[in-house]
Amino acid sequence: MKFDVITLFPQMFASPFAESIIGRALHKGLLSINARYLRDWAQGRHQVTDDAPYGGGNGMVMKPEPLCRAIDDVRGENPGAPVALLTPQGRRFDQGEARRLSGEPGLILVCGRYEGFDERVRGRADVEYSIGDFVLTGGELAAMVIIDAVARLLPGVLGGDDSAARDSFSDGLLEHPHYTRPVEFEGRRVPEVLLSGDHARIAAWRREQQLLRTLQRRPELLEHAALDADDRAILARLRRAETLT
Ligand code: ADE
């Protein structure tokens, strides 16, 4: 999958993806990440990309011409890739969006700085994403979050196992707890069932823990989770037990 990022700070994208899982995937050619310098599409001796807001007020606004020229050119080089603006006003990015985007041939991410984009840039994009209800100094960190979340879902990136399929949110639930050695740490033992070697019991325990975690921490997720009749019976029991304690 081909990621293009339009940004005033392309150097920010080098080290976060140089290491570990995404670094290896880049090396294998499973994806590419091209950070494009917005100033290259600006004109004039000073290559200006921002200007004062009409109507007055603080801060600067990103000019529409360099951004739109950049978007048009990069679209031509990454055909079929949706163009996404990063702004706090966008649609909330989530695992469902990550999964949907991982099926696209590419993705073009446009990072804002200062007070934001001239409003006329909005029509040039296919979608606008926010990564949460807080304001960053620019869209770059949001773009990195989205690239990471999408890239790890691409075939081959996480290796041969099904770890992406078992992620929190993949079936709408949080993940079950994990344990590794030692079997006892600061007086707390690993749950006996995980040492039993009984795979059916372990799977049942993990499912129940997923349901319990989600009920305790993110109960609103249960409304849209993929639950079967066994899950619903377990949940009813867990809810009764919660109200008793
Ligand atoms: N740019 C500034 N804040 C942002 C946010 N929360 N999400 C996406 N882009 C942003």
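The values are calculated or read from the model by the stated rules, or taken from the named source; none is laboratory data. Just so we're clear, the structure is a prediction, and the values are computed from it rather than from any experiment. Cβ coordinates were reconstructed from backbone atoms using ideal geometry, including for glycine residues, and neighbour counts include every protein chain displayed. Areas reflect the complete protein model, heavy atoms only, side chains present, ligands, DNA and RNA absent. Shrake-Rupley method; radii C 1.70, N 1.55, O 1.52, S 1.80 Å.
Here is how the numbers come out for the structure above:
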| read-out | value |
| --- | --- |
| The listed residue being assigned by TED's automatic domain parsing to the domain that holds Q11, out of contact with any strand residue (DSSP E or B) (no Cβ under 9 Å at 6 or more places or on another chain) and of a type outside the set (F, W, Y), out of G123, G156 | G123 |
| Residue count, the range 49-88 (criterion: under 14 Å from R113 (Cα atoms) and in a loop (DSSP other than H, G, I, E, B)) | 7 |
| Filtered residue count, the range 132-145, keeping only those that are open to solvent by less than 10 Å² (accessible area, probe 1.4 Å) and either in a helix (DSSP H, G or I) or within 14 Å of D167 (Cα to Cα) (or both) | 3 |
| A70 vs. criteria at negative phi, more than 20 Å from the chain's Cα centre (by Cα) and either at pLDDT below 95 or among the small types (G, A, S) (or both) | yes |
| The lone exception for R113 - which of (1) at pLDDT 95 or above; (2) farther than 30 Å from L173 by Cβ; (3) buried (at least 17 other Cβ atoms within 10 Å of the Cβ); (4) touching a strand residue (DSSP E or B) at 6+ places or on another chain (Cβ under 7 Å) it fails | (1) |
| Residue match in the range 157-177 (condition: out of contact with any Cys (no Cβ under 6 Å at 6 or more places or on another chain), surrounded by 12 or more Cβ atoms within 10 Å (Cβ to Cβ), in a loop (DSSP other than H, G, I, E, B) and among the polar types (S, T, N, Q)) | yes |
| Odd one out for A225 among (1) more than 22 Å from H178 (Cα to Cα); (2) not in a helix (DSSP H, G or I) | (1) |
| Of all residues making up the range 65-101, the number that are open to solvent by less than 30 Å² (accessible area, probe 1.4 Å) and away from the ligand (no atom under 16 Å from the Cβ) | 7 |
| Residue under evaluation G123, criteria (1) at pLDDT 95 or above; (2) open to solvent by 20 Å² or more (accessible area, probe 1.4 Å); (3) in a loop (DSSP other than H, G, I, E, B); (4) away from the ligand (no atom under 14 Å from the Cβ), criterion not met | (3) |
| Meets criteria (within 21 Å of the chain's Cα centre (by Cα), more than 23 Å from E65 (Cβ to Cβ) and not aromatic (F, W, Y)) for A164 | yes |
| Residue in the range 146-155 that is assigned to a loop (DSSP other than H, G, I, E, B), within 12 Å of the ligand (Cβ to nearest atom), surrounded by 14 or more Cβ atoms within 10 Å (Cβ to Cβ) and touching a residue at least 60 places away in the same chain (Cβ under 8 Å) present | no |
